[in-house]
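The values are calculated or read from the model by the stated rules, or taken from the named source; none is laboratory data. These numbers were taken from a predicted model, which means no experiment stands behind them. Reconstructed Cβ throughout: ideal geometry from the backbone, glycine too, with neighbour counts over all protein chains shown. Just the protein is used for accessible areas: all its heavy atoms, side chains included, with ligands, DNA and RNA removed. Shrake-Rupley method; radii C 1.70, N 1.55, O 1.52, S 1.80 Å.
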Amino acid sequence: MSVGPAIRRRRLGADLRQLRERRSLRLEEVAGELGVAASTLSRIETGKSPTRTSYLAFMLDLYGVADPARRRVLMDMAREGQRKGWWVAFVDVLASGARGY
């Protein structure tokens, strides 16, 4: 079974939050370094918004993630989180009330 983009975003966000907290960095500090609002970073960490790979690369540098394999996994998760789910192709056959699911 394929994992959807929302799940990938949530997993990536949880990993990023954990990495940030291990460095004892506040959300506002990292957001300032990235040049984004704290609310934007919060949405990334909760998986509500996808992250740009340029933001992710900067965060991984800031969080001290040097392992190329770990970086690649996180970058892949970010790319997958930006894709649309397979069900988007069938949106025209879904009842209007079911589209939110």
Residue check: is R8 within 19 Å of R79 (Cβ to Cβ), touching an Asp or Glu at 6+ places or on another chain (Cβ under 7 Å) and either surrounded by fewer than 15 Cβ atoms within 10 Å (Cβ to Cβ) or touching a residue at least 24 places away in the same chain (Cβ under 8 Å) (or both)?
-> yes
When region 6-61 is checked residue by residue, the ones that are assigned to a loop (DSSP other than H, G, I, E, B) and basic (K, R) are R23, R26, K48, R52
Return only the number of the condition from (1) farther than 11 Å from A78 by Cβ; (2) modelled with pLDDT under 95 that R52 does not satisfy.
-> (1)
Of the residues that make up region 84-98, is at least one closer than 15 Å to R9 by Cα, open to solvent by 30 Å² or more (accessible area, probe 1.4 Å) and either modelled with pLDDT of 90 or more or assigned to a helix (DSSP H, G or I) (or both)?
-> no
Residues of region 43-73 that turn out to be under 16 Å from R17 (Cβ atoms) and within 9 Å of the chain's Cα centre (by Cα), as a count | 10
